[in-house]
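Peer 1: My questions all concern the structure below.
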Amino acid sequence: MYRLYTHNDLDGVGCGIVARIAFGKDVEIRYNSVMGLDYQIEKLLENEKNIKDDFLIITDLSVNDENLIRLDDLAKSGGYVRLIDHHKTALHFNDYSWGRVKVQYEDGRLTAATSLLYEYLLEHELIQPSQALDEFVELVRQYDTWEWDQNENIKAKNLNDLFFMISIEEFEEKMTERIMNSDTFEFNEFEQKLLDMEEEKIERYVRRKKREIVQTFIGEYCTGIVHAESYHSELGNELGKEYPHLDYIAILNLGGKKISFRTIHDHVDVSAVAGKFGGGGHAKASGCSMGKDAYKLFVQDIFPLDPLRHDAFKNKYNNKNAWQGSLYENKKGDKFFIFAEADGKWILEMNGKPMQEPYPDFQAAENYIKRKYQAWLVHDDIYVEFLKRFYIKAKNS
């Protein structure tokens, strides 16, 4: 008997589907939360007398130090154990004969637990490959690593959307049957209609949450914080693009007492941020439970703050990256003017006085005023009035 203990997200359930295709009824699958795995493993090892006769596989999750010792003892005494993971925080499991942790492939692509399990089963001739299965595994990998966004692979995102629209049991059953009975992996007509409706729902949700984000510094990082119970990946990605001056986005789920961290930047590792609060994950997507310290920093301390003001949109004249100048202001009424010089450098003025040294590009100047002053791009009417006063002042001087 095979026993699979895996995560309850798309990548973890992808492992379950791969295992079901490989072993059929000869595998018992348990889907776990990050916090629930250790209890399940401890209970299994204490209560199952014949555990040495089974093959225990743990995917997409790590065990605590106590269970690490138990699993190592099981392996040393002749038991069959494999822990297959792709998180950087799990690399220390490679020090054990039963650990198989890999963060990225030799070609630079990031791994996923589903792709690593599939490759392990292929390597040991425990599963038969097929085009439909290959396609499914790659869709899971691209979504979990967020590679789908770079590749504009909407099908991978749609797979995750569908996963959240039905129960785990139904998803596992439908996907297993489809992969085993199809030449390629496709959504049916009804699912595609549901996915189109879901996409519209997500867009409305994200637009609403954009009006609720607040900004503060937590440690060295300029952080955007928003409360949301759904669509954390989509929300984190869109907010990161909307506010590139923010180092990362913290998405709070008070009901679940969890925090999700997302970033679009290479200089920020949010798994390290989550690690400070007992969590972990990927460099650009991670999470933790909301303990006392995290609650104070991300909820209590920021409660009095007002949401960020949106940049004006649909402007005809006052636009970003305009060489003739872009005008911003903040709550205090300070005016910030960013314009280009002939040598390609960008000048930043605050209330008519130059600030700092010239910037190498527009984004660097904008980042400075947004991070330090929470300024926003003003509407055309304010911009035109500003230029009139600027012209009159220059003419009279």
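The values are calculated or read from the model by the stated rules, or taken from the named source; none is laboratory data. Note that the structure is predicted; figures quoted are calculated from it, not measured. When we count neighbours, we look across all protein chains shown, and the Cβ atoms used for this are built from the backbone with ideal geometry, even at glycine. When the accessible area is computed, the model is the full protein with side chains, heavy atoms only, and any ligands, DNA or RNA have been set aside. Shrake-Rupley method; radii C 1.70, N 1.55, O 1.52, S 1.80 Å.
Peer 1: Using a 1.4 angstrom probe, figure out how much accessible area the range 203-296 has per residue, in square angstrom, rounded to the nearest whole.
Peer 2: Value returned for the range 203-296: 44 Å² of accessible area per residue.
Peer 1: Okay, moving on. Of G278, L308, M290, which is farthest along the charge dipole of the range 271-332 in the positive direction, counting Lys and Arg as +1 and Asp and Glu as -1 at C-beta?
Peer 2: L308
Peer 1: Can you tell me which aspartates and glutamates have their Cα less than 19 Å from the Cα of K292? Leave out same-chain residues fewer than eight positions away.
Peer 2: D301
Peer 1: With unit charges on the beta carbons (Lys and Arg positive, Asp and Glu negative) and the dipole taken about the Cα centre of the chain, which residue among G255, F217, N67 sits farthest to the positive side?
Peer 2: It is F217, whose Cα lies furthest towards the positive end.
Peer 1: Remind me, relative contact order of the range 181-317 in percent, using alpha carbon pairs under 8 angstrom and six or more residues apart?
Peer 2: 18
Peer 1: From the phi of every residue in the range 340-354, what ³J(HN,Hα) in whole Hz does the Karplus formula 6.51 cos²θ - 1.76 cosθ + 1.60 yield, where θ is phi - 60° and glycine or proline is x?
Peer 2: Using θ = phi - 60°, the values come out as 9, 9, 4, 7, x, 7, 10, 9, 10, 10, 10, 6, x, 10, x Hz.
Peer 1: Right, something else. For the chain, set up a GNM with springs between Cα atoms under 10 Å and report which of Y80, Y328, Y317 has the largest fluctuation.
Peer 2: The residue that fluctuates most here is Y317.
Peer 1: Which ³J(HN,Hα) values, rounded to whole Hz and listed in residue order, are derived for the range 270-275 from phi using the Karplus coefficients 6.51, -1.76 and 1.60 in 6.51 cos²θ - 1.76 cosθ + 1.60 with θ = phi - 60°, glycine and proline given as x?
Peer 2: With coefficients 6.51, -1.76 and 1.60, one gets 6, 5, 5, 5, 5, x Hz.
Peer 1: Seen from all sides and averaged, what is the projected area of the convex hull of the Cα atoms in the chain, in nm²?
Peer 2: Quarter of the Cα hull surface area: 23.7 nm².
Peer 1: Normalising by the residue count of the range 254-390, find the relative contact order in percent from Cα pairs under 8 Å and 6+ residues apart.
Peer 2: 17
Peer 1: Of all trypsin sites (Lys or Arg not before Pro) in the range 14-62, which ones are in loop regions per DSSP and have a Cβ with at most 11 other Cβ atoms within 10 Å?
Peer 2: Listed in order of number, the matching sites are K49.
Peer 1: Given the rule -39500 (n - 2.57) for each run of at least 4 DSSP H residues, summed and divided by the residues of the chain, what is its mean residue ellipticity at 222 nm, to the nearest 500 deg cm²/dmol?
Peer 2: Mean residue ellipticity, 222 nm, calculated: -13000 deg cm²/dmol.
Peer 1: How about the range 306-397: which GluC sites (Glu not before Pro) there lie in a loop by DSSP and see at most 14 other Cβ atoms within 10 Å?
Peer 2: Here the GluC sites (Glu not before Pro) that fit, given the DSSP loop and packing criteria, are E341.
Peer 1: Please list, in chain and number order, the residues 5+ apart from M290 or on another chain whose amide H is under 5 Å from its amide H, with Hs placed from the backbone.
Peer 2: The answer is K258, I259.
Peer 1: Could you count how many Lys pairs in the range 69-210 have their Cα atoms under 15 Å apart, skipping same-chain pairs fewer than 8 positions apart?
Peer 2: Going through the range 69-210 pair by pair, I get 7.
Peer 1: Now a separate question. Leaving out ligands, DNA and RNA, and with a 1.4 Å probe, what % of the accessible surface on the chain is carbon or sulfur?
Peer 2: 50
Peer 1: Still on this structure, I have one more. For the range 142-220 and the range 39-57, write down the distance between their C-alpha centroids in whole Å.
Peer 2: Using only Cα atoms to place each centre, the spacing works out to 34 Å.
Peer 1: Report, to one decimal in Å, the Kirkwood hydrodynamic radius for the range 1-125 based on all distinct Cα pairs.
Peer 2: Mean inverse Cα-Cα distance, inverted, gives 14.5 Å.
Peer 1: Where a Cα-Cα gap under 22 Å defines reach, which lysines qualify for K345, not counting those fewer than 8 residues away within the same chain?
Peer 2: Filter leaves K320, K335, K353, K370, K372.
Peer 1: Once you have the alpha carbon radius of gyration of the range 126-215, what is it after dividing by 2.2 N^0.38 Å, with N set to its residue count?
Peer 2: So the Cα radius of gyration is 1.25 times the expected 2.2 N^0.38 Å.
Peer 1: Who wins for biggest fluctuation among D343, D73, D60 in a Gaussian network model of the chain, springs between alpha carbons below 10 Å?
Peer 2: The residue with the greatest mean-square fluctuation here is D343.
Peer 1: Sticking with this structure for a sec: Report the charge-dipole magnitude of the chain in Debye, nearest 20, computed about the Cα centre from +1 at each Lys and Arg Cβ and -1 at each Asp and Glu Cβ.
Peer 2: Around 2220 debye, computed over the chain.
Peer 1: Among the lysines, select those whose C-alpha is under 18 Å from the C-alpha of K316, and discard any that sit fewer than 8 residues away in the same chain.
Peer 2: K388
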